[in-house]
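Asker: This is the structure I have questions about; it appears just below.
The values are calculated or read from the model by the stated rules, or taken from the named source; none is laboratory data. Just so it is clear, the structure is predicted and the values come from calculations on it, not from any experiment. Positions of Cβ are generated from backbone atoms using ideal geometry, with glycine treated the same way; all protein chains shown enter the neighbour counts.
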Amino acid sequence: MDKVEHKARAKINLSLDVLRRREDGYHDLRMIMQTLELHDLVCIEKTGRLIEIECESAYIPEGEGNIAYRAAKLIMDEYGVKSGVKINIKKNIPVAAGLAGGSTDAAAVLKGINNLFELGIQIDELARIGKKIGADVPYCLYGGTMLAEGIGDVLTRLSPLDGLHIILVKPKIGVSTAYVYNNLMLDKVENRPDTELIMEAVKNKNLKVLAANMRNVLETVTEVKYNIISEIKEKLINKGAAGSMMSGSGPTVFGIFESKANAQEAFDSMKSTRWDCFLTQTINEEML
């Protein structure tokens with residue numbers, strides 16, 4: 001085997017609660033993560049001795065600054081892989097969007113190198129390696145519907161929530177995750193998610209309860225700084241979304257739609273806007 005290809009799938013947060021700031025500077029989180037059909041395509045092939053990154057996107061670094069490069073180097077160093085690899089990333093997930101685009105590429109690289117060199121590493125061990133690269137990488141390795149706790153690396157499998165129709169809207173702004181967390185005033189957050197209620201809605205596939213109770217406490221920072229977040233949420237609701245929320249630290253906003261036809265109609269009316277729009281759906285881990 002000289003080449004492998006993996007789909008690196010995006011994620012959204014169906015809820016995001018920040019419990020406390022830790023002494024190490026990170027935050028303890030409690031959130032529900034969901035994989036989407038939208039994906040980057042990561043192709044890895046054996047080469048000489050170097051790790052090479054190829055990507056047409058001008059926003060993606062091609063050297064050691066790329067998280068996919070770091071993932072490749074870490075797993076190859078740990079398992080004594082002497083060959084080089086060329087990693088080609090075809091980006092479909094918008095960059096710096098709150099959709100785990102970089103983390104999911106890194107996860108695909110870990111899986112790909114494991115398969116390419118027949119290392120036989122179990123997924124729990126890949127997750128241990130992935131945690132060294134980024135907090136979202138373990139989740140991206142497993143995929144599906146998960147409760148994520150700790151810094152996002154303590155994962156509990158939930159009932160699969162596949163087949164929900166999702167519109168993603170990314171305004172043409174950049175949001176610094178560090179800025180959002182540094183400016184989060186936890187003592188002033190009043191509207192926290194009821195995570196147990198949302199998990200029950202997920203289990204019962206009750207879209208109305210889920211949509212009505214989705215919460216992301218990071219909106220208290222991002223939405224206040226960027227009014228465009230509120231504008232997009234309102235527009236998605238007006239277009240028929242059962243619920244709308246910002247994913248991660250933003251700036252991407254998603255809307256959940258009950259039917260494919262309704263989602264398609266809303267997407268068709270929004271794709272000509274000044275924002276980047278994507279029509280996708282939720283999938284479960286067995287479909288990855």
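Asker: What are the pairs with Cβ atoms under 6 angstrom where one residue, in the stretch 140-154, is at pLDDT below 95 and the other, located anywhere, is among the small types (G, A, S)? Sequence gap at least six, or different chains.
Answerer: That search, which allows pairs on different chains as well, returns I151/A135; G152/A135; D153/A135.
Asker: Considering the stretch 144-168 alone, what residues qualify as being crowded, with 22+ Cβ neighbours inside 10 Å, of a type outside the set (S, T, Y) and touching a Pro at 6+ places or on another chain (Cβ under 9 Å)?
Answerer: G144, A148, G152, L168
Asker: Look through the stretch 172-204, keep the residues that are farther than 20 Å from H27 by Cα and at pLDDT below 95, and return whichever of them is surrounded by the fewest Cβ atoms within 10 Å (Cβ to Cβ).
Answerer: Taking the candidates together, the pick is K172.
Asker: Those residues that are at pLDDT 95 or above, in contact with a Pro (Cβ under 9 Å, 6 or more places away or on another chain) and surrounded by fewer than 24 Cβ atoms within 10 Å (Cβ to Cβ), I need them from the stretch 230-277; list them, please.
Answerer: Result: E231, single match.
Asker: Looking at H39, H27, which one is within 25 Å of M146 (Cβ to Cβ), in contact (Cβ under 8 Å) with a residue 40 or more places away in the chain and crowded, with 20+ Cβ neighbours inside 10 Å?
Answerer: Numbers: H27 fails: crowded, with 20+ Cβ neighbours inside 10 Å.
Exactly one residue qualifies, and that residue is H39.
Asker: Give me the pairs: first residue in the stretch 57-71 and in contact (Cβ under 8 Å) with a residue 24 or more places away in the chain and on the phi < 0 side of the Ramachandran plot, second residue assigned to a loop (DSSP other than H, G, I, E, B) and acidic (D, E), beta-carbon distance under 7 Å, and six or more apart or on different chains, which are they?
Answerer: R70/E64
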